[in-house]
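Quick one: the structure is below, and I'll ask about it shortly.
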Amino acid sequence: MTDNALTYCPGCGHGTAHNITMEVLEELGIGDETIGVAPVGCSVFAYDFMNVDMTQAPHGRAPAVATGISRTWPDKYVFTYQGDGDLAAIGTAETIHACNRGENIVIIFVNNGIYGMTGGQMAPTTLEGMRTSTSPYGREIESMGSPIKMSELVAQLPGTYFVTRQSVHTHKNVRKAKKAIKKAFENTRLRKGLSFIEIVSNCNSGWKMTPNESNEWMEENMFPMFPLGDIKVNGKLKQAS
Ligand SMILES: Cc1ncc(C[n+]2csc(CCOP(=O)(O)OP(=O)(O)O)c2C)c(N)n1
């Protein structure tokens, strides 16, 4: 990480997710060979915090930009870091097609169930009944559709080699998430294709809760819809989805 002070809300999972990503690169000794693509959203300034070569893509386009970088420099480790509005709404096409092509990149997907940066609007990942600034009476499936489970969706595509869902809200979960991120970059080294790491995260400001309340709410409400664990390992689906 750089020495810049994080601008995330106190209690938000983004800082931890950044930190473990950078720790993995340092431990693998590949920081100088890595290029990250920041999204639009709260983590738009990831390039200020992550001490590796970074660029930033228009909203949702990070997997397409990462594709170009990875194909231009096939020996580099290339990753995107994206929120759920970015990855699962505005960039759905880029995400699906990069996964389907099996680009040799890592996608780190931080799912907090809403558009955090712009004021907590509904995202494709918003839970049924969840109140957001654009679903003030709660998400209604009939008119707004069901939450999209991106990890289960991309795991069906032959191009994904590793798909897992993690969280960073406890020490134990941080360790597991870090292990998953390490495995993902090792897959890049072995040129195995695309590794997709979902991190279910809180958005205590957007959810209008204290950090502790938001973590408890996440366990009780987000995890039943977005269960933690590996979904696809070494190109093989682990569980029916
Ligand atoms: C094409 C486009 N549409 C909309 C926006 C406005 N916008 C900026 S950030 C954001 C929400 C990002 O939410 P998410 O990707 O979930 O990340 P978070 O802020 O929650 O980490 C939106 C809609 C934009 N910049 N560009």
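Bear in mind these aren't lab numbers, they're just calculated from the coordinates by the rules spelled out. As the structure is a prediction and not an experimental result, all values here were calculated from the model. Don't worry about glycine lacking a Cβ; one is built from the backbone with ideal geometry, like all the others, and counts go over all protein chains shown.
Just need a number here: residues in region 56-87 that are buried (at least 24 other Cβ atoms within 10 Å of the Cβ) and within 11 Å of the ligand (Cβ to nearest atom).
Final tally of qualifying residues: 8.
Looking at SER135 and the list (1) hydroxyl-bearing (Ser, Thr, Tyr); (2) in contact with a Ser or Thr (Cβ under 8 Å, 6 or more places away or on another chain); (3) within 13 Å of the ligand (Cβ to nearest atom), which single condition is not satisfied?
(3)
Examine region 111-128 for a residue that is under 17 Å from PHE223 (Cα atoms), touching a Cys at 6+ places or on another chain (Cβ under 8 Å), β-branched (Val, Ile, Thr) and surrounded by 24 or more Cβ atoms within 10 Å (Cβ to Cβ), and state whether such a residue exists.
Yes, the conditions are met somewhere in region 111-128.
Can you name every residue in region 108-140 that is of a type in the set (S, T, N, Q), in contact with a Gly (Cβ under 7 Å, 6 or more places away or on another chain) and more than 19 Å from HIS14 (Cβ to Cβ)?
Matches in region 108-140: SER133 only.
Output the number of residues of region 127-153 satisfying the condition of being under 23 Å from CYS99 (Cβ atoms), in a loop (DSSP other than H, G, I, E, B) and among the hydrophobic types (A, V, I, L, M, F, W, C).
Number of matching residues: 1.
If you scan region 18-46, which residues turn out to be away from the ligand (no atom under 15 Å from the Cβ) and assigned to a helix (DSSP H, G or I)?
Listed by number, the residues that qualify are ASN19, ILE20, MET22, GLU23, VAL24, LEU25, GLU26, GLU27, LEU28, GLY31, ASP32, GLU33.
Among the residues of region 197-212, is there at least one that is of a type in the set (A, V, I, L, M), more than 16 Å from the ligand (Cβ to nearest atom) and either in a loop (DSSP other than H, G, I, E, B) or within 20 Å of THR95 (Cβ to Cβ) (or both)?
Checked against the condition, which is being of a type in the set (A, V, I, L, M), more than 16 Å from the ligand (Cβ to nearest atom) and either in a loop (DSSP other than H, G, I, E, B) or within 20 Å of THR95 (Cβ to Cβ) (or both), region 197-212 yields no hits at all.
Considering only region 126-160, state which residues are under 18 Å from the mean Cα position of the chain (by Cα), farther than 25 Å from LYS236 by Cβ and touching a residue at least 24 places away in the same chain (Cβ under 8 Å).
LEU127, PRO147, listed by residue number.
ALA5 versus (1) touching a Lys or Arg at 6+ places or on another chain (Cβ under 9 Å); (2) part of a loop (DSSP other than H, G, I, E, B): which is the lone unmet condition?
If we test ALA5 against (1) touching a Lys or Arg at 6+ places or on another chain (Cβ under 9 Å); (2) part of a loop (DSSP other than H, G, I, E, B), just (1) comes out false.
Oh, and also: Run down ASP53, ASP86 and say which single residue is closer than 28 Å to ASN204 by Cα and among the acidic types (Asp, Glu).
Matching residue, one of ASP53, ASP86: ASP86.
Which one of the conditions (1) within 13 Å of the ligand (Cβ to nearest atom); (2) over 26 Å from ILE35 (Cβ atoms) does THR95 fail to meet, given that it meets all the rest?
(2)
Separate question: For region 1-26, what are the residues that are over 16 Å from VAL110 (Cα atoms) and in contact with a helix residue (DSSP H, G or I) (Cβ under 7 Å, 6 or more places away or on another chain)?
Listed by number, the residues that qualify are MET1, THR2, ASN4, LEU6, THR7, PRO10, GLU23, VAL24, LEU25.
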